[in-house]
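Notes follow the structure.
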Amino acid sequence: MLGRRGLLELGGADRVAFLQGLVSNDVTRAAPDRALHAALLTPQGKYLHDFFVAAADDVLLLDVEAARRDDLRRRLALYKLRSKIALVDASERFEIVAAFGAGAPRALGLGDGAGAARPWSGGVAFVDPRLAALGTRLILPRGTAPAALEAAGFVAADEAQYDRLRLSLGVPDGSRDLEIEKSILLEAGFDELNGIDWQKGCYIGQELTARTRYRGLVKKRLMPVAVEGPLPPPDTIIRLGDAEAGEMRSGRDGLGLALLRLEAVAEAERAHQPLTAGDARLTPRKPDWFKES
C-alpha cells in the first residue's frame, strides 16, 4: 500500500477540457488503456503539485499526495468558473498500491510500456507512466487490494522496499523532492519521465517551462546519489570542497536524491573529488533515462 497517496475523482462533461488547460501533460490522451503523469504549476512555471491521471468510466482518477490532497483540490476549484465538473475526495473509497518486480505488468494483463492501463478488479491498473522500471500502480476499492494481488501471484512488501527502488532509479516523489513554488520541472526530469507534452496547447506556467527548455537554462538536476556515512536530512547543503554544490532531498538506506549543480558534478568527476554533506560522502550517478540539456 502507498500510504502517502490519496485520490481525487474528477467527473462532469468538461473534466478533460478543464484539466487540459491547467496541467503540463496532454489530458486528452488519458483513456482506459493509457494513464498519464502531469504537474500543476504556478504562472511563473514553478512546481505546485504532480499526480497521475487514470480514466475510469465517466471520471478521471487523480492519484495524488495524501498530505496535500486538500490543497490541490482547492487550487483546481479556483479555475472551475462555468466548467461542468465535479471534484470530490475519493480516498475513503479507494486505495493506491504499487505492484513491482519482474513480470508485474504481465501478471496484471498489461503491456510493458510506460502508461499502459486497463480496468482491473473493480479499479484501474497501470504501468508507471514515468518509467516502466518502477512497475505498476493500482487504484482499487478500499480493502480489496491484498486478496486481489495475492490471487494474481504477488507477495506483500513494505513501502520502504518500493521507496528504495524509486531512489535507485532517480525518480522524484512529489514535494519530498521538489520545493513547492520554487522547483522547475526540467530540473526534476519531467521531460525524460513523460510528465510534459511539448505539443499541447497552453497551460499554467507553459511559457516559462518552454523558455527554460529552448534556451538551455537548466543548471541543476535531481540525481540519485550513493551515500557513505550517515544519511543527510533533506535540505542539507552539499559541498565540493568549500563551494556549495547542491542540496539533499529524500533518502533511505544509503540511497538518496540530491539537487546538484551540473558544473559541480562535472568538476567532481574531473578532479576525482567527493561531494560531501555533513559527515557523509556522496557519489552522484546519472540514471539511464537521464538527459543533459
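The values are calculated or read from the model by the stated rules, or taken from the named source; none is laboratory data. Because the structure is a prediction, the values reported are computed rather than measured. Counting neighbours? That spans all protein chains shown, and the Cβs are built from the backbone with ideal geometry, glycine included.
A few comments on the model shown:
- Tabulated pairs, the range 124-135, first on the phi > 0 side of the Ramachandran plot, second assigned to a loop (DSSP other than H, G, I, E, B) and modelled with pLDDT of 95 or more, C-beta under 6 angstrom, 6+ apart or interchain: 135/100
- When 160, 147, 156, 151 are checked against the criterion of being more than 23 Å from residue 37 (Cβ to Cβ), exposed (fewer than 13 other Cβ atoms within 10 Å of the Cβ) and within 23 Å of the chain's Cα centre (by Cα), a single residue qualifies: 156.
So that you can scan it fast, the table gives a plain yes or no per residue for (1) in contact (Cβ under 8 Å) with a residue 40 or more places away in the chain; (2) touching a strand residue (DSSP E or B) at 6+ places or on another chain (Cβ under 7 Å); (3) surrounded by 21 or more Cβ atoms within 10 Å (Cβ to Cβ):
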{"position": "27", "(1), (2), (3)": "no, yes, yes"}
{"position": "42", "(1), (2), (3)": "yes, yes, no"}
{"position": "54", "(1), (2), (3)": "yes, yes, yes"}
{"position": "57", "(1), (2), (3)": "no, no, no"}
{"position": "72", "(1), (2), (3)": "yes, yes, no"}
{"position": "91", "(1), (2), (3)": "yes, yes, no"}
{"position": "96", "(1), (2), (3)": "yes, yes, yes"}
{"position": "103", "(1), (2), (3)": "no, no, no"}
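- If you go through the range 187-212 and keep only what is closer than 18 Å to residue 170 by Cα, in a loop (DSSP other than H, G, I, E, B) and not charged (D, E, K, R), you end up with 189, 190, 193, 194, 195, 196.
- Taking the listed residues 281, 261, 239, the one that is among the charged types (D, E, K, R), crowded, with 17+ Cβ neighbours inside 10 Å and more than 23 Å from the chain's Cα centre (by Cα) is 239, with no other qualifying.
- Considering 137, 142, the condition of being closer than 25 Å to residue 75 by Cβ and either modelled with pLDDT under 95 or basic (Lys, Arg) (or both) is satisfied by 137 alone.
- Just one of (1) surrounded by fewer than 21 Cβ atoms within 10 Å (Cβ to Cβ); (2) under 22 Å from residue 21 (Cα atoms) fails for residue 219. It is (2).
- The residues of the range 1-31 that are part of a loop (DSSP other than H, G, I, E, B), more than 23 Å from residue 198 (Cα to Cα) and under 19 Å from the mean Cα position of the chain (by Cα), listed by number, are 1, 2, 3, 4.
- Among the residues of the range 85-109, those that are farther than 22 Å from residue 131 by Cβ and in a loop (DSSP other than H, G, I, E, B) comprise 85, 90, 91, 92, 93.
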